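Inspection log for the structure reproduced underneath, given as structure tokens.
Each reported figure results from applying straightforward, stated rules to the coordinates on display, with no laboratory input. Please read these numbers as outputs of a predicted model, since none were measured by experiment. Using ideal geometry, Cβ is built from the backbone for each residue, glycine included, and neighbour counts are taken over all protein chains shown.
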Amino acid sequence: MNDSPPPGPVRIAGLQTSGTPGDVAANLAELERAARAAAERGAQLLITPELFVTGYDIGAQEVARLARQDLLGPVRRIAADTGLAIVLGAPEADGDAVYNSAFFVDDTGEVTGRYRKTHLFGELDRSTFAPGHDLVHVVEHRGLRVALLICYDVEFGEAVRAAARAGAHLVAVPTAQMEPFAFVAEHVIRTRAWENQVYVAYVNHDGVEGATTYVGRSSVVAPSGDVLDSVVHGDHLLLADVDPAVVADAQLRNPYLTDLRSDLYARHAAQFPHTP
């Protein structure tokens with residue numbers, strides 16, 4: 001019998017920023033400042049936007065070039081120096097392929113998780129990245145189980161449902177959401193949290209980058225669908241306490257996961273494969 005108490009709340013931070021497109025050194029300097037500020041305010045985990053360390057809409061060739069630099073080494077040092085875990089959005093080179101990835105760097109500087117974006121959005125993604133093949137990746141940190149998804153992935157209900165079924169308490173979503181899709185940030189994220197009874201941290205860029213105008217609107221949403229912290233535009237550090245016990249209670253009170261007829265969905269998918 002396990003008589004150990006359940007893990008307590010973990011304070012998380014999310015960095016909404018316009019960043020410095022194409023300037024890794026400037027983005028790393030900003031990350032260090034944000035990590036120190038988050039740690040001073042009691043955070044134990046910092047989440048960055050999608051491809052934060054390089055920028056997103058900077059051209060496929062530039063992304064591929066920067067992906068072959070050591071992007072993780074400096075971030076590992078920042079995490080260890082501040083005692084803060086970091087979810088980093090960064091490109092990842094693997095042979096001839098480049099992936100749009102999120103890395104989990106723990107508070108000792110160890111890389112304990114990696115997720116490659118599976119749902120590529122439009123030509124901007126498809127011209128630059130290969131798709132990942134793992135639907136969800138879950139990392140445990142200080143008793144908090146964190147699932148990693150990236151931007152467009154969270155717009156597929158199946159991906160967040162898979163994270164919840166894998167035991168995630170928090171779905172961390174580095175994001176590069178652009179106009180005209182503010183609706184996703186304003187409405188879909190709250191729905192994803194509610195329908196799975198998990199926390200969702202949606203951390204976006206802001207400003208303009210290349211031909212892309214970002215919607216900002218980062219938020220941390222509770223399993224109840226309540227917004228714990230949010231911002232519309234501007235560089236901002238979001239803060240929220242996420243509690244595994246709240247997730248457990250919410251999933252007992254609203255048993256979507258227990259009542260799910262997954263046998264029917266699997267049969268339907270086999271009978272009616274989508275062929276656009």
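Put a dot 7 Å past each Cα toward the Cβ at residue 112 and residue 140; how far apart are the dots in nm?
Going from the residue 140 label point to the residue 112 one covers 1.0 nm.
Applying 1/(1 + (r/R0)^6) with R0 = 45 Å to the Cβ-Cβ distance of residue 69 and residue 272, what FRET efficiency is obtained, to the nearest 0.05?
Working: r = 45 Å, r/R0 = 0.99.
After rounding to 0.05, the efficiency reads 0.50.
For the chain, what is the calculated [θ] at 222 nm in deg cm²/dmol (nearest 500), taking -39500 (n - 2.57) for each run of four or more DSSP H residues and dividing by its residue count?
Counting only the DSSP helices, I get -8500 deg cm²/dmol.
Report, by chain and number, residues whose modeled amide H sits under 5 Å from the one on residue 209, excluding near sequence neighbours (fewer than 5 apart, same chain).
Amide H neighbours of residue 209: 214.
Which of the listed residues, 15, 242, 28, is farthest toward the dipole's positive end in the chain, when Lys, Arg count +1 and Asp, Glu count -1 at the beta-carbon?
The listed residue farthest towards the positive side: 242.
Quick one: dipole size for the chain, taken about the Cα centre, charges +1 on Lys/Arg Cβ and -1 on Asp/Glu Cβ, in debye to the nearest 20.
420
Output ³J(HN,Hα) for segment 22-28: one whole-Hz value per residue in order, computed from phi by the Karplus curve 6.51 cos²θ - 1.76 cosθ + 1.60 with θ = phi - 60°, and x for Gly and Pro.
The phi angles translate into x, 10, 4, 4, 5, 5, 5 Hz.
Segment 170-219 to segment 1-67: how many Å between their Cα centroids?
Their Cα centres are 15 Å away from one another.
Would you work out which of 102, 183, 167 lies farthest towards the positive end of the dipole of the chain, given +1 charges on the beta-carbon of Lys and Arg and -1 on that of Asp and Glu, about the Cα centre?
167
Which length gain, in nm to one decimal place, applies between residue 235 and residue 259 when the Cα-Cα distance is subtracted from 0.36 nm times their residue separation?
Values: separation 24, 0.36 × 24 = 8.64 nm, distance 4.08 nm.
Separation in residues times 0.36 nm, less the Cα-Cα distance, equals 4.6 nm.
Compute the Kirkwood hydrodynamic radius of the chain, taking the inverse of the mean of 1/r over all pairs of distinct Cα atoms, and give it in Å to one decimal.
It works out to 18.7 Å.
Defining a contact as two alpha carbons under 8 Å apart and six or more residues distant in sequence, what relative contact order in percent does segment 180-229 show?
It comes to 38 percent, rounded to a whole number.
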